[in-house]
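Readers should treat all values here as calculations from the given coordinates under stated rules, not as data from a laboratory. Predicted model, so just to flag it, every value in this text is computed and none were measured. Virtual Cβ from ideal backbone geometry, glycine too; neighbours counted across all protein chains shown.
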Amino acid sequence: MNGNGKLRMIIGRLGQSIPSVIGIIIVTFVLTRALPGDPAVYFAGPAATPESIQQIRESLGLDKSWPEQFLLYVRDLATGDLGVSISTGFPVAEELLRRLPASLELTLLALIFSISVALPLGIAAATRPNSWVDQLCRLIVTAGVSLPVFFTGLFMVYIFYYLLGFAPSPLGRLDIIYLSPPQVTGFYTIDALIDGDLEVFGAALAQLIMPAVTLGTFTLAPLARMTRGAMLQVLSSDFIRTARASGLRRSTVLYTYAFRNALLPILTTLGMVFSFMLGSNVLVEKVFAWPGIGSFAIEALIVSDYVAVQGFVLAMALLYVALNLTIDILYTLVDPRVGLDD
Amino acid sequence: MNEFFKHLKYVLTENPVTLIAGGLFMTLVVIAVFGPVLVPYDPLASNAALTLKPPSWEHWFGTDQLGRDVFSRVLIATRLDLAIAVSAVAISFIVGSVLGSLAGFFGGWTDRIVGRLTDTIMAFPLFVLAMGIVAAMGNTVENIVYATAIINLPFYARVARTEVNVRRNADFVLAARLAGNSSLRLLATQIYPNMLPPMMVQISLNMGWAILNAAGLSFIGLGVRPPTAEWGIMVAEGAGYIVSGEWWLALFPGAALMLAVFCFNLLGDGLRDLIDPRRRT
């Protein structure tokens, strides 16, 4: 019965994401059709004749009515067709898929970094209010949201690459002296391990650390703030007092009783954190010349390759919806109270 | 009113950080208003003999690749950066608070439509949506403002909706209704002014984020064009010189940006203490 309740909630949550996806598709459709001027003239290029413009208008379906155009757009999306990038000549979906592993590898490592710093910091701050840890936490939280990611990134490059010489040059995923590992997952670090090549693994990880820490620093702040707040609230509740009074060990009270309950609001914050992360990813990729989808979008923006930019926006929005959905399902699975009512 | 000033004095003296943030804010405003009078050099004048000089007595923040004075450029940029953020926040405040109040006051279909609209905006990673909007509407400074305004809209609409909703049936509103006021008049004269204090906190917290966003957009080459002095684009121009050790090109505009954002965030926290002492952290 309990399992059924959870399953039903998960299905309900899946249903709730449908309006978001419809909204996203409508917005990206409007954005692709709201190009300044006539899109057909733009796509036809500078040497266009009235006939060629008309031909392009027909081939793009621009001579049809808006609802018809929208249906065509949705039909293309359903087959995974995001249009063709003018700057590279390849389908946008293909371009994005090829670069996605680079961005995901960076984002995941950044997430691991920010969680592994923010959670202990928040817990420590909540268990010792007004101590130096708490003050440190407050400082990091305020500084973290105020620091522009591109600025943090550049100064890490200056300190660790130029001054100290620890870090490799901030250009891409792998130093040019190495060959990229044979592709399995597209994550260079994992592929290198599968290949058994520790040297390439080390090199790929070295390239990855600075951008990941930069990206992680920005998202650390909301996570640490939420952890601190949630832990403070849980720690002041009756069941914690009872657990303490029963003489349970401090670590049992803290981790088994308090932290598991504080985890729920923290999971909710992760949704907002992903929004920050996917946005800042673009900036971090530019700073470190990281060949991910963010760099692709910036290159496309510079040469006015609008199809590619809107494909990127759509892909990121769908990724974000999927991430939020995953978080909500995790929430349902983690929360022992969910599903008990029915 | 006297009570208010007592409380203001209490908040400022209790937390010196708020006082510092207030001072910083005033400095920023002065620089933004009087910037052109304060700068020691013409921010656009290049000087081939003085390229990439480190900070010195003559040029406090050094000179850039064209020999322009970085200090003057950072100072001049304050006006543009604040102007972009202020206009974006003003637009999202006005549109967001009106939409949110209507949704909170009338409920039903109005509420559903406004809710759907804000949810759709929030379904995007916000910075990415801003990129898409600027790409679609054209690469100009005005469009940076509109894009920043659109992505901030949901926050105002949500706060306004909640604030109006809790006051919709308050006694003073019912009394005013009984006195024969129309619904819209009630909303405009009785409820709307009462939700301004919580909205002020939202504005201050939002300003920092708006500045960061606008600077981020110009960092990736949208909106502001060189040679205009703007913090984001100055960091972008200086980025290439970091690897060869010319740190001052990017550090100073970046630090100015950080300081401005920091100032608004602290001010927002201080304002929240002032307006709602219960929510202090």
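Throw me the Rg/Rh for the stretch B:149-211, computed over C-alpha atoms with Kirkwood Rh, two decimals. Mind dumping the intermediate values first?
Details: Rg = 13.8 Å, Rh = 12.8 Å.
Rounded to two decimals, Rg over Rh is 1.08.
For each of B:Y41, A:Y255, A:Y188, count neighbouring Cβ atoms within 10 Å of the residue's Cβ, then give the residues from fewest to most. Don't jump to the answer; show the numbers that get you there.
Working: B:Y41 18, A:Y255 12, A:Y188 24.
Lowest to highest Cβ neighbour count: A:Y255, B:Y41, A:Y188.
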Review point. Pulled fully out, how much extra length does the chain show between A:L97 and A:L248, if you take 0.36 nm times their separation in residues and subtract their Cα-Cα distance?
Key: 49.3 nm
Point to revise | Label-point separation in nm, A:L163 to B:T162, each point 7 Å along Cα→Cβ | key: 4.2
Check your understanding: If you take the beta carbon distance between B:L117 and B:V243 as r and set R0 to 45 Å, what does 1/(1 + (r/R0)^6) give as a FRET efficiency, to the nearest 0.05?
Key -> 0.50
Review point. So how strong a dipole does the stretch A:96-180 carry about its Cα centre when Lys and Arg Cβ are +1 and Asp and Glu Cβ are -1, to the nearest 20 debye?
Key: 140
Review point. Which listed residue (B:T13, B:Q65, B:A48) has the Cα farthest towards the positive end of the charge dipole for the stretch B:1-66, taking +1 on Lys and Arg C-beta and -1 on Asp and Glu C-beta about the Cα centre?
Key: B:T13
Study note, to complete from the structure: The distance between the Cα centres of the stretch B:214-253 and the stretch A:220-261, in whole Å, is 44
Point to revise | Calculated from backbone phi, Karplus (6.51, -1.76, 1.60) coupling profile of the stretch A:79-94 in Hz, x at Gly/Pro | key: 8, x, 9, 9, x, 10, 6, 6, 6, 10, x, 9, x, 4, 4, 5
Practice item. Return a whole-number percent for the relative contact order of chain B, with Cα pairs under 8 Å and 6 or more residues apart as the contact set. Key: 23
Check your understanding: Using θ = phi - 60° and the Karplus form 6.51 cos²θ - 1.76 cosθ + 1.60, what ³J(HN,Hα) does each residue of the stretch B:39-52 get, whole Hz, x for Gly and Pro?
Key -> 5, x, 10, 5, x, 9, 6, 8, 9, 5, 7, 10, 7, 6
Check your understanding: When only C-alpha pairs under 8 Å and at least 6 residues apart count, what is the relative contact order of chain A, in percent?
Key -> 28
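Checking the a/c ratio against 1.5 first, then a/b against b/c, what shape does the Cα gyration tensor give for the stretch B:181-281? Provide the component values of the computation, followed by the final result.
Working: a/c = 5.43, a/b = 2.22, b/c = 2.45.
Note, shape of the stretch B:181-281 comes out oblate.
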Point to revise | Those residues of the stretch A:269-312 whose amide nitrogen sits under 19 Å from the label point placed on A:D175, 7 Å along Cα→Cβ | key: A:288-291
Check your understanding: Along the Cα-to-Cβ line of B:A49, 7 Å from the Cα, sits a label point; which residues in the stretch B:62-76 have backbone N less than 19 Å from it?
Key -> B:62-70
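Going by how many other beta carbons lie within 10 Å of each one, how would you line up B:D111, A:D195, fewest first? Could the numbers behind the result be given before it?
Working: B:D111 17, A:D195 13.
Sorted ascending by nearby Cβ count, the order is A:D195, B:D111.
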Study note, to complete from the structure: Residues whose built amide H sits under 5 Å from the amide H of B:F61, excluding neighbours closer than 5 in sequence, are B:S56, B:V70, B:F71
Practice item. Report, by chain and number, residues whose modeled amide H sits under 5 Å from the one on A:V84, excluding near sequence neighbours (fewer than 5 apart, same chain). Key: A:V92
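Would you order A:K286, B:K6 from fewest to most other beta-carbon atoms within 10 Å of each residue's own beta-carbon?
The fewest-first ordering by Cβ neighbours comes to B:K6, A:K286.
Quick one, could you list the DSSP H helices from chain B stretching 27 Å or more along their long axis (Cα atoms) with average Kyte-Doolittle hydropathy of 1.6 or above?
Values: long enough: B:16-38 (31 Å, 2.20); B:70-106 (53 Å, 1.78); B:141-167 (38 Å, 0.43); B:196-219 (33 Å, 1.05); B:248-275 (40 Å, 1.44).
Sorted by number, the helices that extend far enough and score high enough are B:16-38, B:70-106.
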Review point. Based on the Cβ-Cβ distance from A:F239 to A:F90, what FRET efficiency comes out when R0 is 56 Å, to the nearest 0.05?
Key: 0.45
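Pull out a ≥ b ≥ c, the square roots of the eigenvalues of the alpha-carbon gyration tensor of the stretch A:200-249, then state rounded if a/c is under 1.5, prolate if not and a/b is larger than b/c, and oblate in the remaining case.
On the way: a/c = 8.95, a/b = 2.56, b/c = 3.50.
It comes out oblate by the Cα gyration axes.
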**Study point:** chain A: calculated mean residue ellipticity at 222 nm from DSSP helix runs of at least 4, using -39500 (n - 2.57)
**Key:** -24000 deg cm²/dmol
Check your understanding: Which whole-angstrom value gives the distance between the alpha carbon centres of the stretch A:283-322 and the stretch B:134-196?
Key -> 33
Review point. With springs only between Cα atoms under 10 Å, which of B:D119, B:D269, B:D171 fluctuates most in a Gaussian network model of chain B?
Key: B:D171
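Quick check on chain A: take the gyration tensor over C-alpha atoms, sort the square-rooted eigenvalues as a ≥ b ≥ c, and tell me if it's rounded (a/c under 1.5), prolate or oblate. List each step's numbers first, then the result.
Details: a/c = 2.36, a/b = 1.48, b/c = 1.59.
Note, shape of chain A comes out oblate.
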